[in-house]
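Before I ask anything, here is the structure I am working with.
The values are calculated or read from the model by the stated rules, or taken from the named source; none is laboratory data. Remember, predicted model here, so these are calculated numbers, not experimental data. Positions of Cβ are generated from backbone atoms using ideal geometry, with glycine treated the same way; all protein chains shown enter the neighbour counts.
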Amino acid sequence: MKKFSCVLFDLDGTLVDTAPDLIACLNFALEKHGFSTVAAEFVKPHVSFGASAMINASFKLNDEKHAQILATMLEAYETNIARHSRFFDGILDVLDFIESQNLLWGIVTNKRERFTTPLVTALALETRAACIISGDTTAHSKPHPAPLFEACKRANVSAMECIYIGDAKHDIAAGKNADMYAIAATYGYLPANDKPENWGADLLISSPQELLAWLKNYA
């Protein structure tokens with residue numbers, strides 16, 4: 001592997017454990033529309049695929065009811081963006097190390113900008129990240145490489161200088177499509193039947209601490 005100059009991260013399930021807030025807002029919306037709540041452990045594996053996927057995993061609904069619940073959920077989430085969300089244990093050490101080596105890091109997420117920006121601001125990351133790319137920043141979202149190429153443009157680096165780290169198959173596909181070194185974070189929101197070893201990642205890491213140890217060998 002060549003020396004890198006920039007580390008790009010997915011947001012939900014990789015940098016930040018956002019599941020508690022997302023699940024709370026899902027259950028708020030379900031109750032408001034006359035449905036029972038769902039257990040956190042049941043819906044958590046679907047968090048990386050977005051709010052719509054979380055609803056689909058909870059109940060089989062017609063399009064109209066799905067849209068109503070989705071709108072209520074997202075409205076609630078927008079005003080409760082970081083009530084319970086926290087960095088995964090060890091992630092801040094990873095970011096501190098990257099910065100101590102005068103390397104760049106950024107965020108590339110499929111989360112829409114209306115949610116990404118307030119979350120990143122609440123976590124005090126907006127001035128630290130070299131780039132923040134949301135799901136609607138470019139015309140395409142992951143697994144398309146366009147968001148990663150836009151991240152490179154804003155950070156003023158080439159794709160071949162970058163590592164991309166994510167907790168879902170579409171993250172790894174995006175990284176490989178952009179010709180980046182792709183790392184799968186298996187501590188995220190993996191479904192029980194998922195097999196990250198089959199995603200085509202260059203490396204699997206089971207914790208931020210493992211990521212930090214690996215980075216220290218290549219910085």
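Search region 132-161 for residues being of a type in the set (D, E) and under 17 Å from the mean Cα position of the chain (by Cα), and hand back the single one that is nearest to I98 (Cα to Cα).
Taking the candidates together, the pick is E150.
From the list A39, A24, which residue is at pLDDT 95 or above and over 21 Å from the mean Cα position of the chain (by Cα)?
It is A39.
List pairs: first in region 203-219 and in contact (Cβ under 8 Å) with a residue 40 or more places away in the chain and under 18 Å from S5 (Cβ atoms), second outside any helix (DSSP H, G or I) and of a type in the set (A, V, I, L, M, F, W, C), Cβ under 6 Å, 6+ apart or cross-chain?
L211/I205
Can you name every residue in region 40-52 that is in a helix (DSSP H, G or I) and under 13 Å from G135 (Cβ atoms)?
Of everything in region 40-52, those that are in a helix (DSSP H, G or I) and under 13 Å from G135 (Cβ atoms) turn out to be S48, F49, A51, S52.
Among the residues of region 162-175, is any of a type outside the set (G, A, S), surrounded by fewer than 20 Cβ atoms within 10 Å (Cβ to Cβ) and either within 26 Å of D96 (Cα to Cα) or out of contact with any Pro (no Cβ under 8 Å at 6 or more places or on another chain) (or both)?
no
Please verify whether A213 is part of a helix (DSSP H, G or I) and not charged (D, E, K, R), treating the condition exactly as stated.
Answer is yes for this residue.
Among the numbered criteria (1) surrounded by fewer than 19 Cβ atoms within 10 Å (Cβ to Cβ); (2) small (G, A, S); (3) over 27 Å from A174 (Cα atoms), which single criterion is violated by S52?
Among (1) surrounded by fewer than 19 Cβ atoms within 10 Å (Cβ to Cβ); (2) small (G, A, S); (3) over 27 Å from A174 (Cα atoms), the lone unmet condition for S52 is (3).
Regarding L123, is this residue farther than 15 Å from G106 by Cβ and not polar (S, T, N, Q)?
Judged against the criteria, L123 is not a match.
Got at least one residue in region 34-45 being within 16 Å of E75 (Cα to Cα) and surrounded by fewer than 23 Cβ atoms within 10 Å (Cβ to Cβ)?
So far as region 34-45 goes, no, none of its residues is within 16 Å of E75 (Cα to Cα) and surrounded by fewer than 23 Cβ atoms within 10 Å (Cβ to Cβ).
Sticking with this structure for a sec: Counting only residues that are assigned to a loop (DSSP other than H, G, I, E, B) and either touching a Leu at 6+ places or on another chain (Cβ under 7 Å) or not aliphatic (A, V, I, L, M) (or both), which one in region 11-27 is surrounded by the fewest Cβ atoms within 10 Å (Cβ to Cβ)?
For region 11-27, the residue satisfying everything is T18.
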